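Coordinate-derived values only; no laboratory data. Here the structure is a predicted model, which means the values were calculated and not measured. Reconstructed Cβ throughout: ideal geometry from the backbone, glycine too, with neighbour counts over all protein chains shown.
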Amino acid sequence: MRAKIKCLGFTLLAISAACAAVDLPGDHQEEVSKTPAISTPSFTPPDESKLPQDDFGAMVRLGKEIFVNTHAQAAKYVGNGLNCSNCHLDSGRHAHSAPLWAAYVSYPAYRKKTQRVDTYEERIQGCFRYSMNGVAPPSGSRELTALVSYSYWLASGAPVGVKLAGAGYPELPKPTNAPDINRGAKVYAENCVLCHGANGEGTKAEGRYAFPPLWGADSFNWGAGMHRINTAAGFIKGNMPLAKPNSLSDQDAWDVAAFVVSHERPADPRFTTSLAVTKKKYHDEMCYYGEQVNGHAVGASLQATAK
Ligand code: HEC
Ligand code: HEC
């Protein structure tokens, strides 16, 4: 039952040395470099009542609508049951759930995942491809312009090139014990199953997800940042269970994250040749891709649904 994670022990050592999940060797999915940070000032995005009643205001409103209702508003670019705001809470305003106002002022940035400097537009395109298991709206499309306008407006008055307090997801200190799927299953049954379902399938009301799916065909794919144990653990600790953030112990957050991301989900769209080759190229990191879980290698079984 226990999956062997070759790189996990090594990565955890690296974390303990660095005291934070930054700069993990071989971690292809490492997010935005934290280097430009000069200080971490706090910031509050403007109230919606401040939005101008003009063409720009209309574009910002459209961006918000797409962000919270992605499935309906940008259907041709979405390949699962999620909306952007499922992982970027409170319409992208919530601190510690990768808020858009903090993101907007930290691009362009070098990313290990793409191994080059990405613009803000390209970062959003990445979330469409992986987190939304879809296709990236092209530069100049109404959808992308609206999402960038919304982010820009939320960041009104924020300093540029600075890491704002509440940016990204919390980085948890290394767990006392290596993350464990079996312990995580218990944490899940006690704290998550009510909303997200026994099979991680989420809960639907009137044909729409009221509570989003955590794994399976309608969730984020194997290329998404959330499939990494450390990213999921930080998100969960700071944001879940909904309405009870920071109520889980760090160890429980690591364990339940391991349980959630050890399940099958849509294929990594970067898949080439075989699981082993794809794993080597993109998944030498904190994740279960290509590892044996419950007697089979996860990462392959939803291949057919890949967009
Ligand atoms: C399954 C969860 C999930 C969904 C759905 C999702 N994202 Fe993300 N997003 C993430 C993760 C994880 C990161 C990496 C955060 C970090 O740097 O710690 C991220 C990062 C970002 C960033 C950069 C944040 C930063 O601080 O650098 C932006 C912008 C973004 N997402 C926009 C979007 C948009 C727009 C959508 C919808 C089209 C979307 N996301 C959907 C999980 C998600
Ligand atoms: C009271 C209902 C509720 C409970 C309990 C709950 N969640 Fe959630 N969860 C949500 C909702 C709602 C969202 C989407 C947030 C939004 O759209 O504002 C979400 C989003 C998520 C996401 C990101 C979106 C996705 O589909 O991957 C993850 C991961 C997640 N929850 C994990 C957990 C875990 C793990 C637990 C237990 C420790 C948990 N949740 C408990 C309601 C809940």
Amide H partners (placed H, <5 Å) of V293, local residues excluded: V298
Cα principal axis extents for segment 48-154, largest first, Å: 40, 28, 28
Cα-based convex hull volume of the chain per residue, rounded to whole Å³: 132
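I need the shape label for segment 204-245. Rule: rounded when a/c is under 1.5, else prolate if a/b > b/c, else oblate, with a, b, c from the alpha carbon gyration tensor. Walk me through the numbers on the way to the answer.
On the way: a/c = 3.93, a/b = 1.19, b/c = 3.30.
Oblate is the answer for segment 204-245, as a/c is 1.5 or above yet b/c matches or exceeds a/b.
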Calculated log₁₀ intensity ratio I(q)/I(0) where the Debye formula runs over C-alpha points of segment 203-307, q = 0.20, 0.23, 0.25 Å⁻¹: -1.04, -1.23, -1.34
Choice from S131, S249, S106 showing the highest fluctuation, given a GNM over the chain with Cα pairs closer than 10 Å: S249
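Packing-wise, with mean Cβ within 10 Å as the measure, how do 266-279, 107-120 rank, highest first?
266-279, 107-120
For the ranges 219-225, 233-239, 67-73, 206-212, what's the packing order if you count other beta-carbon atoms within 10 Å of each residue, average per peptide, and put the highest first? Provide the component values of the computation, followed by the final result.
On the way: 219-225: 26.4, 233-239: 24.3, 67-73: 18.6, 206-212: 12.4.
Most protected by this proxy first, the peptides run 219-225, 233-239, 67-73, 206-212.
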Rel. contact order, % - alpha carbon contacts under 8 angstrom, at least six apart, the chain: 23
For Y110, residues with placed amide H under 5 Å, excluding near neighbours: S33, D118
The chain - share of DSSP beta bridges that are antiparallel (%, nearest 5): 100
